[in-house]
Each structure stands twice: as C-alpha cells, then as structure tokens.
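Comments concern the structure below.
The values are calculated or read from the model by the stated rules, or taken from the named source; none is laboratory data. Predicted model, so just to flag it, every value in this text is computed and none were measured. FYI the Cβ positions are ideal-geometry reconstructions off the backbone, even for glycines, and counts take in every protein chain you see. For the accessible areas, the whole protein counts, side chains as well, though only heavy atoms, and no ligand, DNA or RNA atoms are used. Shrake-Rupley method; radii C 1.70, N 1.55, O 1.52, S 1.80 Å.
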Amino acid sequence: MRAKFIYAMRAMSTDFARRFPRRCLWLALLTVWGSAIAAPHPMTFDDLRQVQRVSEPQVSPDGTALVVVVGAVDYDANRVNTDLWLVPLGPDGLANGAPRQLTSSPKHERHPRWSPDGNWLAFESNRDGDFQIYALPRAGGEARKITSLATEATQPSWSPDGTHLAFVSSIYPEFSTRSPADALEANRVQLKAREDSKVKARVLTNLLYRHWDSWVDGRRPHVFWVDFTNGVAAGIPRNLTPGPRDGVPTSSTFSGGDEYDFSPDGTTLAHTAGPLPLREEAWRTDHEILAVDPRHPDVNPPSLTPTNPAADGLPRFSPDGKRLAYRAQRRAGYEADRWELWILDREQNRRRSLTENFDASVHSFDWSRDGQTLFFEADDRGSKAIWSVPSSGGEIRPLVQGAGNGELNLSHDGRWLYFTRSQMTRPAEVYWVATTGGPPVPVTRFNEARVADWQRSEPESVMVAGADGTPVQMWILKPPGFEPTRKYPLVFWVHGGPQSVFADAWSYRWNPQLWAAQGYVLALPNPRGSTGFGQKFTDEISHDWGGRVFVDLLACLKHLEQQPWVDTRRMAAAGGSFGGYMMNWFQGHTDKFKALVTHCGVYNFETMYGTTEELWFDEWEHGVPWENPDFSRDSPHRFASRFQTPNLIIHNELDFRVPVTQGMDLFTVLQRRGVPSKFLYFPDEGHWVLKPQNSELWHRTIFEWLAHYLKN
C-alpha cells in the first residue's frame, strides 16, 4: 500500500502539479491513498475476531419483525458478548429497514422466544451474574426479570396460551418431589453450602460425574414453568419433570434444539428424558420421550417411545396436536447412528418413519402451519441442506442446497422459512426462502462490509478414490493471490468426530480462510466416518480408526502431491479430537509431513477409556477393553518407537471428553525420544479454545510452528 502511494506521488511531474490548485492535488492523492487502503487483503486474526456472529432467528407471530442473536468479541474482557437485534420485515418477508439493537448488556442475551401474542420476547441472560429468564415488552421499555433461581434458568419457551413461561434449570433431583417453595430453598441451601465449604472434595458413586468441561455434582436438568401475567412472574416456579432422571439431554450429541414441547391445547408436555437405569447412563444412549401433564407432574410419566432401545428425541407436536414428530436412532449405544424423522399418531398410537430410505441424519425440523409438511436439515455431501417431506409420507425434496444451512424458523403464516446460512467464504447471516421453493435471499447483512475487505479463497471440491475404490470428497483452498506456476506449502487437515464433516460452512475456530491466508494450500478431506455421504460410509470407521480412513487420507494426500503447485517437500498436517488422534497415528505410520499439530487428540486408548465421560462412544468405537483383545490395536501409543516428526501439542485442562493426560502422555514420549515438540496448555478451556485472547495465542502458536517448518 505504501509503495503504491509513493508511486502515485512520483508519477505526478512538477509541471503536472503546477496546473492544478493545491487542494485538487491533495484530493487526487487522497483518492489514490483511499483506494490503496480499501484494496482487499488476506484475512487476519483481527478480521476473524471482528466478525459478528449471527444466530437463532425468530420471526414474530405477526411476521413484521425478526429477532436474531448477534455475538461480538469483547477482546479486553476475553469473551464473546451476545445481544438481541430486531430486523423489521416487509410484506414480502424480507428486511424492511435497518436492524435495531434491543439489548446492550456486557454479558449474554440469547435464546429469544416470542410470546404467542407477539407482545413479549423471552430470553436468557447472565447480565446479573447467573443465567436467568427475562421478558422484554415489544411496546418498549426495560426487560423484566422473570426468574431468580439459585440453580439458574435457561432455554425459555412459552405455553400455547402465553400464560406460562417454561425453562430448564439444573437442580438436585432428591428435592424435586417436595413442594415448589421447599424444593427451591433446599437447592439454594445445598449450593451455598458447597460454595462456602472449605472442603472441595467430591464423593462419587456413579459415572458421568463430569461432562464436557464441567463437574456434574449430582445435579440434573429439569423443565420448570412459572405463571406469567403482563410481564410479571406470579407464584413459585414448578418442576414439570420431577424425579431422578434428566428432563432434557445433558449431551449435545442427543440434542437437536429445545428438547421439550407443549401440545397446542397445553395439556401435555413432551420432553426427552435421560437413559435408565441411572447407574448405566454413561454407556447407554436410549433417551426416550415422556408425556407429562404440566398441571399434575408425575415422577413416572408414560413413555411415548417405550419400545426403542436406542435414542429418541426432539419432540414436536403437529399444529392440530394429533401427531408428534420426533427423531430416533435404531442402534443402541451408537451416537452416530442415522437419525430418522418419525411421526406418532397419538389417537391410534401408530408410528412410521418418514425418512427410512433417506440415507442421511435428520437434524432440527419444523412443521408447516397446515401440518401437511415437515422441513428438516441434513448433511449433504460436504454441505448441510434443507429438505421437505410430506407428513403422511412420500418424496423427500431439497428446498435449499449448498453451503451450511440451519436453525430453521417458519413464519406463522407458513409462507416463508428463515434460517442461518454460511460458507467457507462468508460468515453466517439469516436467509429467507419461500416454502414453495426458490433461491435463498439474505435478510441480514451484518458482515457484508467486512467480507468485502478480504481476499477470499474459493473452495474447490474434488473426488478421490479411497480405500476399496470408494469415492472420497475433499475441499481445497488455495492461498490469496495464487499463481499456478508457483509451488506452495501444503497444510492437510483431518476433522474431529470422527463422525463429522468438513462442510462448506463458516467456522470461528478452525477457519480455512485464515489458514489459507498464511500462504498455504489447505486441504480438508472427508474420509470414512464423515457424515452426509451415506450411513455406510459413516459406519466404516468404527473399530477401524487406523484402517480404511487412513487409506482414504493417504489417497487424498497423494492426489495433492500430484498437483504441480504443491511443494511435496513442505507439507504439514493438523487436526483436533479425532483429527488429533490421526496426527498421532501419522506419527507412527508416515514420514510425509515435516510437522504435525495435535489439538486435544486421543493418544492412548487404554487410559482414554478410563478417564473420558461418555463411555458409549468408546465402547461402540473400540469395544470394552477387558472383553475385546484388539481394543488397543489402533492406539497410537503402541507405535511410539517410530515417532520422529516435529509435533505441536495443544491440550486443555477442562477437556473431559479427551482428558488432558492424553496430551501430556504424548508430549512426554516425544520429549523422551528427542523429537522436536512443544506443548501449549490452557488451564481454562475445554475441548475447544473459545476465549478470544486464548484463541489469539492458539493461532499465533500454530502459525509460528508451521512457518518454522514450512517457510524456513
């Protein structure tokens, strides 16, 4: 930019300058300077952290307004702040004016839900410290605090007549059958005693005693509701799901959104309950849907899915209340089994799968207003598409394809569907599509100006013959300013899961644009285990972590090595979770890479089994160690004698999914063997690195590591 400015000054001869007034001369110079500033640039970390994080679109009942959650990085506070924004809508359902910010606290406001009459907007916020439920009047004014529970309150939802606000709170279940006032007070006393005690020891009697990044401490998420009249909570919140079980899933694996729903007449609450018996919930996946009378809660309510030994969830009543749609898996113990969309006829107690022959998992879904159609999300060969299916059964049709689409919200007149949509080249915004079909149209443009300032790398999709000749899809991003006659260093990613996918979607953590902007060709393969390529393809990684998936990845790498613009002498690989496992497998099985980056990766199957929390995952993928003699066949630690590739290890203290000892174990072995290695340890992060300043250090450390081995 500076050189461009100097060149412009020198280009003006003295004679030329004399022919213009001084003011005109400076205007000309400023024009050149301004154009230089405005020139698109490769993406930086500052660009990434300035992106507005748009999510959770909710259209008002009258269709004149859309509320969205917008997250912004507060770098100094080392957190992401989320607020609610209102977008006015016109008669065509599209934006009709500038967005207006509704909340502005320095904390979180999220999960907005309109009251049935559209006069109130309920949401959760920790503006006063703990998360509680608030209600904002649409007519104007300050938000009213609805709950003040020691056990906090999240995930608000309205009863159909708008007279109650429901929410989720994690409570001590042993008090749940007491009177509402006694139960809340007992919970408050128990929590305060734990907080005030100088003894921080825990006595454990069951597994799943910690989860993701938190200790459970004997609490269970239950569904409550409280009377609501003109912005005021009346009475004591009542527990609608008393008893020892979880009232909604604690694992995000089994949650597709709000896991409870009221029938249109308000007489039934359907909710997804945790597995039984409680002693076995760490290795069972059989969540079931229970039916509760909210005015007379029962400790043992009837099950709506009593015969399925696998997971059921995400209940949604039809507009007339006669049917219940829900998701279900067929294979007990397998968290990555295909989710099918089912319909239960409540009057005849008959059920059928609408997607039995649809070879992809259903994510969230919504009913059409006439009850004739269901709209749902499902992975589709490197993207997440939106589909429709008749509620009586029939042809499944794509409504929106390409990119990453989700968070469906249907307008109350049933004509339009709102959803978030992102791509590798642009962060999420809210889009609109007619339920009869047509192209998706942007409704919000929070990041349009920011994106215009970047040189973006368009992802290219290629197909490679993997193990057994099976086609494997891979994304390739080339660096900004790519010249096909040059040779570039390669960074080869492996995704986590392993039942997951690299989709054409935006990421705030592992962001392909930012990595390609460092001057690398970036590869994102979708080998065995990836979702959206058929359930068989997903299944074929289980009990075979070092087998066909490894062959698939090497085939993708070979394809890249054959490209004239890849420098095969300068290649590195990086991955997190299962991707981190594969880095550790690479250590003992290939010398193709000059450097590796292992983020929260599995290293030793034997110690992993005894310290992770969701045992159903390990037992499905590898078996039970004392029953399966080949349990550790694919464990990287068995091949430590071969380790020689320089390795950056990143691991976090609060990662209870892949405990930090996995990273420590790997680092010890590398150091003892004299392999160049570095350990980046975060004491305040879980499986992901979420805090902005931590994220900056994460990126800087990785990019410095890669540059040392690929650019020097």
Legend entry - A574 within 21 Å of the chain's Cα centre (by Cα), within 25 Å of T44 (Cβ to Cβ) and modelled with pLDDT of 95 or more: yes
Inset, instruction - Go through the range 390-410 residue by residue and tally those that are in a loop (DSSP other than H, G, I, E, B) and without any contact (Cβ under 8 Å) to a residue 40 or more places away in the chain. - result: 4
Inset, instruction - Confirm whether A378 is in contact with a Gly (Cβ under 8 Å, 6 or more places away or on another chain), over 30 Å from V521 (Cα atoms), among the hydrophobic types (A, V, I, L, M, F, W, C) and at pLDDT 95 or above. - result: no
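Rundown of residues vs (1) under 18 Å from V602 (Cβ atoms); (2) assigned to a loop (DSSP other than H, G, I, E, B); (3) open to solvent by less than 30 Å² (accessible area, probe 1.4 Å), yes/no style:
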{"residue": "Q644", "(1), (2), (3)": "no, yes, no"}
{"residue": "I650", "(1), (2), (3)": "yes, no, yes"}
{"residue": "L654", "(1), (2), (3)": "yes, yes, no"}
{"residue": "V658", "(1), (2), (3)": "yes, yes, yes"}
{"residue": "M664", "(1), (2), (3)": "yes, no, no"}
{"residue": "Q671", "(1), (2), (3)": "no, no, no"}
{"residue": "V675", "(1), (2), (3)": "no, yes, yes"}
{"residue": "F679", "(1), (2), (3)": "yes, no, no"}
{"residue": "L690", "(1), (2), (3)": "no, yes, no"}
Inset, instruction - Residue by residue through the range 273-288, note down the ones that are part of a loop (DSSP other than H, G, I, E, B), open to solvent by less than 70 Å² (accessible area, probe 1.4 Å) and over 18 Å from Y326 (Cβ atoms). - result: P277, E281, A282
Legend entry - In the range 301-338, the residues that are in contact with a Gly (Cβ under 7 Å, 6 or more places away or on another chain) and not hydrophobic (A, V, I, L, M, F, W, C): G313, S318, P319, D320, Y326, R327
Legend entry - Failed condition for K198, given (1) farther than 30 Å from H363 by Cα; (2) under 32 Å from the mean Cα position of the chain (by Cα); (3) in a loop (DSSP other than H, G, I, E, B): (2)
Inset, instruction - Could you tell me whether F617 is within 24 Å of the chain's Cα centre (by Cα), farther than 30 Å from K107 by Cβ and not charged (D, E, K, R)? - result: yes
Legend entry - W565 vs. criteria among the hydrophobic types (A, V, I, L, M, F, W, C) and open to solvent by 20 Å² or more (accessible area, probe 1.4 Å): yes
Legend entry - Criterion: surrounded by fewer than 24 Cβ atoms within 10 Å (Cβ to Cβ), assigned to a loop (DSSP other than H, G, I, E, B), of a type in the set (A, V, I, L, M, F, W, C) and in contact with a Phe, Trp or Tyr (Cβ under 8 Å, 6 or more places away or on another chain) - qualifying residue of F482, F533, F550: F482
Legend entry - Residue ID - farthest from P297 (Cα to Cα), chosen from residues in the range 147-167 that are buried (at least 23 other Cβ atoms within 10 Å of the Cβ) and among the aliphatic types (A, V, I, L, M): A153
Inset, instruction - Mind counting the residues in the range 265-287 that are touching a residue at least 12 places away in the same chain (Cβ under 8 Å), closer than 22 Å to D618 by Cα and acidic (D, E)? - result: 2
Inset, instruction - May I ask you to list the residues in the range 349-396 that are among the aromatic types (F, W, Y) and closer than 24 Å to Y260 by Cα? - result: F365, W367, F375, F376, W387
Legend entry - Where a residue in the range 476-498 is within 30 Å of E335 (Cα to Cα) and its partner, wherever it lies, is of a type in the set (D, E) and surrounded by fewer than 20 Cβ atoms within 10 Å (Cβ to Cβ), with Cβ under 6 Å and at least six apart: I476/E460
Inset, instruction - Looking only at the range 632-642, count how many residues are assigned to a loop (DSSP other than H, G, I, E, B) and open to solvent by 10 Å² or more (accessible area, probe 1.4 Å). - result: 3
Inset, instruction - Filter the range 363-376 for residues that are touching a residue at least 40 places away in the same chain (Cβ under 8 Å) and within 26 Å of the chain's Cα centre (by Cα) and give the result. - result: H363, S364, F365, D366, W367, S368, L374, F375
Inset, instruction - Being closer than 15 Å to S542 by Cβ and open to solvent by 40 Å² or more (accessible area, probe 1.4 Å) is the filter here, so list the residues in the range 613-627 that pass it. - result: E619, W620
Legend entry - Pair list, Cβ under 9 Å, 6 or more apart: the range 346-360 residue closer than 15 Å to A328 by Cα and in contact (Cβ under 8 Å) with a residue 24 or more places away in the chain, other residue of a type in the set (A, V, I, L, M) and open to solvent by 30 Å² or more (accessible area, probe 1.4 Å): L354/I396; T355/I396; F358/I396
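Does the range 658-676 hold any residues that are small (G, A, S) and touching a residue at least 12 places away in the same chain (Cβ under 8 Å), and which are they?
If the condition is that a residue be small (G, A, S) and touching a residue at least 12 places away in the same chain (Cβ under 8 Å), then G663 is the only one that fits.
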Inset, instruction - Run down D468, D453 and say which single residue is touching a His at 6+ places or on another chain (Cβ under 8 Å), touching a residue at least 60 places away in the same chain (Cβ under 8 Å) and farther than 22 Å from A573 by Cβ. - result: D453
Inset, instruction - Could you grab the pairs with beta carbons closer than 8 Å, sequence gap of 6+ or different chains, first residue in the range 298-314 and farther than 11 Å from L344 by Cβ, second one polar (S, T, N, Q) and in a strand (DSSP E or B)? - result: G313/T272; L314/T272; L314/S364
Inset, instruction - Could you tell me which residue of the range 200-244 is nearest to R295 (Cα to Cα), considering only residues that are open to solvent by 50 Å² or more (accessible area, probe 1.4 Å) and polar (S, T, N, Q)? - result: T229
Legend entry - Enumerated strands (runs of 3 or more DSSP E) restricted to the range 217-272, each holding at least 3 residues that are modelled with pLDDT under 95, among the charged types (D, E, K, R) and within 28 Å of the chain's Cα centre (by Cα): none
Legend entry - Failed item in (1) farther than 30 Å from K691 by Cβ; (2) of a type outside the set (D, E); (3) open to solvent by less than 60 Å² (accessible area, probe 1.4 Å); (4) touching a residue at least 24 places away in the same chain (Cβ under 8 Å), with F175 passing the rest: (4)
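Residues checked against (1) within 24 Å of the chain's Cα centre (by Cα); (2) over 24 Å from N78 (Cβ atoms); (3) at pLDDT 95 or above; (4) not aromatic (F, W, Y):
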| position | (1), (2), (3), (4) |
| --- | --- |
| I650 | yes, no, yes, yes |
| H687 | yes, no, yes, yes |
| W698 | yes, no, yes, no |
| N712 | no, yes, no, yes |
Legend entry - Condition met for R509 (basic (K, R) and surrounded by fewer than 24 Cβ atoms within 10 Å (Cβ to Cβ)): yes
Legend entry - Residues that are part of a loop (DSSP other than H, G, I, E, B) and closer than 15 Å to L86 by Cβ, drawn from the range 116-128: G118, N119
Inset, instruction - Determine whether the range 152-170 contains at least one residue that is without any contact (Cβ under 8 Å) to a residue 40 or more places away in the chain, farther than 20 Å from P315 by Cβ and not in a strand (DSSP E or B). - result: yes
